[in-house]
């Protein structure tokens, strides 16, 4: 009977949310909590009912942010707004992840210089935007037996992207195509930016004032008075 009475006196335990969301308000099970207000200030250890009352008086939620601490840490916040902001950040992160991918640029073994320059500028733009680029040289008919032509094109592209991109996957034959993958070279771009910043603030060297040319001819010398006296004497 005593065991039964003890069982009846225990407060009911509210099940935690099924997802990974934190416990909020009446779902918090701790007896005491370390309370943090909406501005991030520590309010000390409070009994759970008092912490809930403080949150409700501000028309905000009590959120368990560190359940494994002893006692658990709870923060007063607008949980609905918090969830909305977190969802927006996650959506933005997914959008950026989807936008940054692998682009492809196709060349022909006998491409003209104008087309080569146009396509290579596009490759550079992709790299500057943070994309990887799959460069494909397409062979037709018996052109595939002259793979050296495709390799020369890829070598020219590698030279053009120096300092902006790097070869991630070396040129290889894939059926009737020759493929090379290049990726943005973040370290090279950062180093170039650092060098540019240092050059822009470097002090200019003060040149030594040595008269040359017309300045040397115009500058007075000790011989000038002698020449003047000679002309006067004549």
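Numbers at a glance
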read-out	value
Estimated Rh, region 81-130: Kirkwood, alpha-carbon pairs, angstrom	13.6 Å
Inter-label distance, nm, simple model (7 Å from Cα along the C-beta direction), residue 20/residue 95	2.3 nm
Extension gain (nm, one decimal) between residue 174 and residue 69, 0.36 nm per residue minus Cα-Cα	32.1 nm
In nm, spacing of pseudo-spin labels at residue 113 and residue 155 (7 Å Cα→C-beta vector)	1.9 nm
Region 20-174 pair-distance distribution - Cα-Cα, 10 Å bins, rounded %	9, 26, 14, 8, 10, 14, 13, 5, 0
Separation between Cα centres of region 36-50 and region 125-192, rounded to whole Å	58 Å
Sorted largest first, extent of region 99-189 alpha carbons per principal axis (Å)	40, 26, 22
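Read-outs: derived from the displayed coordinates by stated rules, not from any lab. In this text the structure is predicted, and so the values were computed from the model without any measurement. Heads up, the Cβs are rebuilt from the backbone with ideal geometry, glycines too, and the neighbour counts pull from every protein chain shown.
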